[in-house]
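What follows is a single structure, written as structure tokens, with notes after it.
The values are calculated or read from the model by the stated rules, or taken from the named source; none is laboratory data. Note that this is a predicted model, so its numbers are computed, not measured. No Cβ is skipped: glycine too gets one built from the backbone with ideal geometry, and neighbour counts run over all protein chains shown.
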Amino acid sequence: MSARAPIKINGVLLPPHVIAAEAQHHPSQTPAAAFQAATRALIVRAVLLEEADRAAIAAEPQFVAPGKRELDDEARIRALTQARVPIVEPDRSACLAEYEADPSRFRSPDLYEASHILFLAHPHDAQAYAEAVARSQAIIAELSDAPARFEAIAREQSQCDSRANGGRLGQIAQGTTVPEFEKVLQGLEEGQIAPVPVKSRFGAHVLRLDARARGDILPFEYVCEQIASYLAEKQWRRDVAIYIEQLVERADIEGIDMLARKKGRAA
């Protein structure tokens with residue numbers, strides 16, 4: 001197996017061990033593909049930081065998630081792209097065209113009415129959780145023959161306060177319940193009991209969809225601002241990609257053809 005050519009960016013060697021470390025963050029079908037992806041990512045990072053140095057870009061790291069702050073280099077790259085790539089606001093006609101292409105994408109949230117029977121168990125208590133799932137499976141089997149017993153069983157056995165209402169949870173808006181619930185509710189017919197227990201961080205649930213109200217298509221004026229933000233962000237990301245390509249083209253890069261994929265797309 002021939003040795004890989006050394007990778008240099010403007011005459012500076014990119015050490016193989018640095019690439020190997022970065023490759024862990026680029027899952028690929030083969031180690032060679034991961035190495036290539038890591039190399040490209042590190043080169044892009046290097047040319048952006050060099051440009052930030054030339055432009056004397058300084059930036060204060062920001063929080064990007066609860067408890068997670070940007071690294072200094074990430075903050076400088078963000079500040080560079082924000083300074084060099086302007087946000088282009090779409091006009092009203094572009095927003096209207098996006099809306100009219102598929103108005104069904106712009107709906108108010110679906111509403112569900114659901115009931116459940118809960119057997120509490122902490123996910124980290126494997127034995128208790130398995131027992132909760134087993135109890136749920138037994139109830140589902142019983143209800144398959146006598147679905148009208150749902151409310152009575154909920155009042156007798158459910159470990160949720162909703163047992164007082166026969167397990168009824170009332171109206172649930174899309175996005176306001178645990179994801180496990182919402183995913184199952186979307187696939188149920190009205191009146192149907194989920195065929196398998198629904199597992200959540202609370203335990204195992206026997207879940208029934210009582211009713212569904214499909215969200216209405218929202219008028220254009222209501223979502224125009226949302227569409228404008230989406231289109232502006234989409235265009236900005238494209239412009240950033242072009243800006244990065246320009247920086248890479250100007251850099252002296254040895255050991256890898258950074259423009260190979262671009263040539264392939266153009267062919």
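Given the condition surrounded by 11 or more Cβ atoms within 10 Å (Cβ to Cβ), within 22 Å of Glu245 (Cα to Cα) and over 28 Å from the mean Cα position of the chain (by Cα), answer yes or no: does some residue in the range 16-32 qualify?
No, the range 16-32 has no match at all.
Tell me, please, whether a residue that is outside the structural domain of Ile153 (by TED's automatic domain parsing), modelled with pLDDT under 95, in contact with a His (Cβ under 9 Å, 6 or more places away or on another chain) and of a type in the set (A, V, I, L, M) can be found in the range 13-33.
Yes, there is a match, as at least one residue in the range 13-33 is outside the structural domain of Ile153 (by TED's automatic domain parsing), modelled with pLDDT under 95, in contact with a His (Cβ under 9 Å, 6 or more places away or on another chain) and of a type in the set (A, V, I, L, M).
As an exercise: evaluate Gly191 against (1) under 23 Å from Ser108 (Cβ atoms); (2) small (Gly, Ala, Ser); (3) loosely packed, with under 13 Cβ neighbours inside 10 Å and give the number of the one condition it does not meet.
Only one criterion in (1) under 23 Å from Ser108 (Cβ atoms); (2) small (Gly, Ala, Ser); (3) loosely packed, with under 13 Cβ neighbours inside 10 Å is unmet by Gly191, namely (1).
Out of the residues in the range 93-124 meeting the condition of being surrounded by fewer than 12 Cβ atoms within 10 Å (Cβ to Cβ) and farther than 28 Å from Arg214 by Cα, tell me which one is farthest from the chain's Cα centre (by Cα).
For the range 93-124, the residue satisfying everything is Ser93.
Among the residues of the range 25-57, which ones are hydroxyl-bearing (Ser, Thr, Tyr) and closer than 12 Å to Ile256 by Cβ?
Within the range 25-57, just Thr39 meets the criteria.
Starting from the range 1-30, take each residue that is touching a residue at least 24 places away in the same chain (Cβ under 8 Å) and list its partners that are acidic (Asp, Glu), counting only C-beta distances under 6 angstrom and pairs at least six apart or across chains.
Within 6 Å, the pairs are Lys8/Glu254; Asn10/Asp252.
Do you know which residues across the range 194-228 are assigned to a helix (DSSP H, G or I), surrounded by 14 or more Cβ atoms within 10 Å (Cβ to Cβ) and under 25 Å from the mean Cα position of the chain (by Cα)?
Correct list: Val223, Cys224, Ile227, Ala228.
Looking at the range 62-74, which of its residues are in a loop (DSSP other than H, G, I, E, B) and either closer than 20 Å to Val85 by Cβ or in contact with a Cys (Cβ under 8 Å, 6 or more places away or on another chain) (or both)?
Gln62, Glu70
Residues being in contact (Cβ under 8 Å) with a residue 60 or more places away in the chain and of a type in the set (Val, Ile, Thr): count how many of those fall in the range 178-206.
The qualifying residues number 2.
For the range 51-61, what are the residues that are without any contact (Cβ under 8 Å) to a residue 12 or more places away in the chain and not in a loop (DSSP other than H, G, I, E, B)?
Within the range 51-61, Asp53, Arg54 meet the criteria.
Quick check on this structure: which one of Arg76, Arg69, Arg45, Arg84 is in contact (Cβ under 8 Å) with a residue 40 or more places away in the chain, in the same structural domain as Lys234 (by TED's automatic domain parsing), of a type outside the set (Gly, Ala, Ser) and surrounded by 11 or more Cβ atoms within 10 Å (Cβ to Cβ)?
Arg84 is the lone residue from the list that is in contact (Cβ under 8 Å) with a residue 40 or more places away in the chain, in the same structural domain as Lys234 (by TED's automatic domain parsing), of a type outside the set (Gly, Ala, Ser) and surrounded by 11 or more Cβ atoms within 10 Å (Cβ to Cβ).
Answer yes or no: is there a residue in the range 87-100 that is under 23 Å from Gln24 (Cα atoms), modelled with pLDDT of 95 or more and not basic (Lys, Arg).
Narrowing the range 87-100 to residues under 23 Å from Gln24 (Cα atoms): none.
Checked against the condition, which is being under 23 Å from Gln24 (Cα atoms), modelled with pLDDT of 95 or more and not basic (Lys, Arg), the range 87-100 yields no hits at all.
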